[in-house]
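One structure is given below, encoded as structure tokens.
The values are calculated or read from the model by the stated rules, or taken from the named source; none is laboratory data. What you see is a predicted model; the values in this text were computed from it and never measured. Cβ placement follows ideal geometry from the backbone for every residue including glycine, while neighbour counts extend to all protein chains displayed.
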Amino acid sequence: MIISHAYKFVLLSPWKTASSTCHATLSIYDESHYLRFFYFNKYLNRVVHQHVTLAEYLSLPESRLGYFTAAFVRNPYDRAYSGFLQLQDDIAIQPKIVFEHSWIKDLVKAQIVENQKKDYRGRV
């Protein structure tokens with residue numbers, strides 16, 4: 001999520017909706033202190049990343065500042081296919097990435113293993 005206190009806006013970054021492009025383009029306005037990679041968020045009391053949901057955002061102190069809030073959307077079929085490709089990359093890449101804390105890495109790895117056990121309906 002991109003937060004600009006100077007221009008009073010928040011751009012939420014739903015998964016697979018050009019968030020990397022938005023961050024690259026709008027980085028000069030970004031004053032967010034939240035990390036883009038997995039980290040423990042003390043307000044949500046759980047591990048999150050840059051793709052917070054609207055419900056999660058509404059639990060953050062920035063949601064009460066009255067800033068203009070926006071997000072991009074994408075064709076759901078394109079988003080699903082792009083997400084499938086991203087998950088394939090994540091399974092190979094994420095276990096090798098350096099995490100802020102080792103317990104966060106262990107949690108992410110366990111979730112990847114759990115997701116690989118599921119069938120197309122999300123059942124184990």
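Here is a yes/no grid of residues against (1) modelled with pLDDT of 85 or more; (2) under 29 Å from residue 103 (Cβ atoms):
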| site | (1), (2) |
| --- | --- |
| 3 | yes, yes |
| 8 | yes, no |
| 15 | no, yes |
| 20 | no, yes |
| 26 | yes, no |
| 29 | yes, no |
| 37 | no, yes |
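Taking (1) farther than 24 Å from residue 17 by Cα; (2) surrounded by 12 or more Cβ atoms within 10 Å (Cβ to Cβ) in turn, residue 117 satisfies each apart from (2).
Taking first residues from segment 9-34 that are without any contact (Cβ under 8 Å) to a residue 60 or more places away in the chain and partners that are in a helix (DSSP H, G or I) and of a type in the set (Phe, Trp, Tyr), the Cβ contacts under 8 Å between residues at least 6 apart in sequence or on separate chains come to 12/57.
Residue count for segment 31-45, restricted to those that are touching a Phe, Trp or Tyr at 6+ places or on another chain (Cβ under 8 Å) and closer than 20 Å to residue 8 by Cβ: 0. Just one residue in the set 62, 31, 114 is touching a His at 6+ places or on another chain (Cβ under 7 Å) and acidic (Asp, Glu); that residue is 31. In the set 68, 72, 84, only one residue is in contact with a Lys or Arg (Cβ under 7 Å, 6 or more places away or on another chain) and of a type outside the set (D, E, K, R); that residue is 68.
Does residue 20 meet the test of being touching a His at 6+ places or on another chain (Cβ under 7 Å) and of a type in the set (Gly, Ala, Ser)? Spell out how you get there, then give the answer.
Numbers: touching a His at 6+ places or on another chain (Cβ under 7 Å): no; of a type in the set (Gly, Ala, Ser): yes.
For residue 20, the condition - touching a His at 6+ places or on another chain (Cβ under 7 Å) and of a type in the set (Gly, Ala, Ser) - is not met.
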